Amino acid sequence: MSQEKAYLDHSTFFGDLGMKREPDEAGKITASLQVSALHLDSNGYLNNGIISTILDVVLGTAVSREAEAFCSTVTLHTQIYNRPEIKTIKCQHSFTKFDGKHASACGEIYDESGQLVASGMGLFKVMKNH
């Protein structure tokens, strides 16, 4: 494993949920998920925890990449707008700002038709010495 990319590795949890990192020419961190029964709540909708998890992973990865360091989530605020019958979601970070040892990042989740499903903003502690 290259030293440069060690902070971008994800736990097996990321893969266990079926999330996949997507290439993005614009330099944004993007991940997708093929929604299955595993990801649905008791009402048959995409589980809120899945929405928060993919936002946390994408935003945290964006901060880690830009800081070239590990980071830890301090807070994550998620707004869920719509959870129709979704087959695929794509999450992309849209903004990162650094302030000393902390960074904030924003991102959005869209369904396969381009409909905005959720957005989120996180505050992360950047750990340069780890």
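The values are calculated or read from the model by the stated rules, or taken from the named source; none is laboratory data. In this text the structure is predicted, and so the values were computed from the model without any measurement. Every residue, glycine as well, gets a Cβ built from its backbone with ideal geometry; the counts of neighbours run over all protein chains shown. What goes into the accessible areas is simple: the full protein's heavy atoms, side chains included, and nothing from ligands, DNA or RNA. Shrake-Rupley method; radii C 1.70, N 1.55, O 1.52, S 1.80 Å.
Screening the candidates CYS106, CYS71 for the property of being surrounded by 22 or more Cβ atoms within 10 Å (Cβ to Cβ) and more than 18 Å from ASP16 (Cα to Cα) yields one hit, CYS71.
Go through the stretch 84-98 and count every residue that is outside any loop (DSSP other than H, G, I, E, B) and surrounded by fewer than 18 Cβ atoms within 10 Å (Cβ to Cβ).
The initial filter retains those residues of the stretch 84-98 that are outside any loop (DSSP other than H, G, I, E, B), namely 88-98.
Right, trim to surrounded by fewer than 18 Cβ atoms within 10 Å (Cβ to Cβ) and you get 88, 94-95, 97-98.
So the count comes out to 5.
Per this entry, LYS101 is not counted among residues that are open to solvent by 20 Å² or more (accessible area, probe 1.4 Å) and under 13 Å from the mean Cα position of the chain (by Cα). Here is a check on your reading of the model: is ILE80 modelled with pLDDT of 90 or more, surrounded by fewer than 21 Cβ atoms within 10 Å (Cβ to Cβ) and touching a helix residue (DSSP H, G or I) at 6+ places or on another chain (Cβ under 9 Å)? Against the criterion (modelled with pLDDT of 90 or more, surrounded by fewer than 21 Cβ atoms within 10 Å (Cβ to Cβ) and touching a helix residue (DSSP H, G or I) at 6+ places or on another chain (Cβ under 9 Å)), ILE80 qualifies.
Out of the residues in the stretch 1-26 that are modelled with pLDDT under 65, in a helix (DSSP H, G or I) and open to solvent by 60 Å² or more (accessible area, probe 1.4 Å), which is nearest to ILE89 (Cα to Cα)?
As a first pass, look at the stretch 1-26 and keep what is modelled with pLDDT under 65: 1-11.
Restricting the remaining residues to those that are in a helix (DSSP H, G or I) gives 3-8.
Then keep just the ones that are open to solvent by 60 Å² or more (accessible area, probe 1.4 Å); that gives 3-5.
Working: GLN3: 31, GLU4: 29, LYS5: 25 Å.
Across the stretch 1-26, the extreme among qualifying residues is LYS5.
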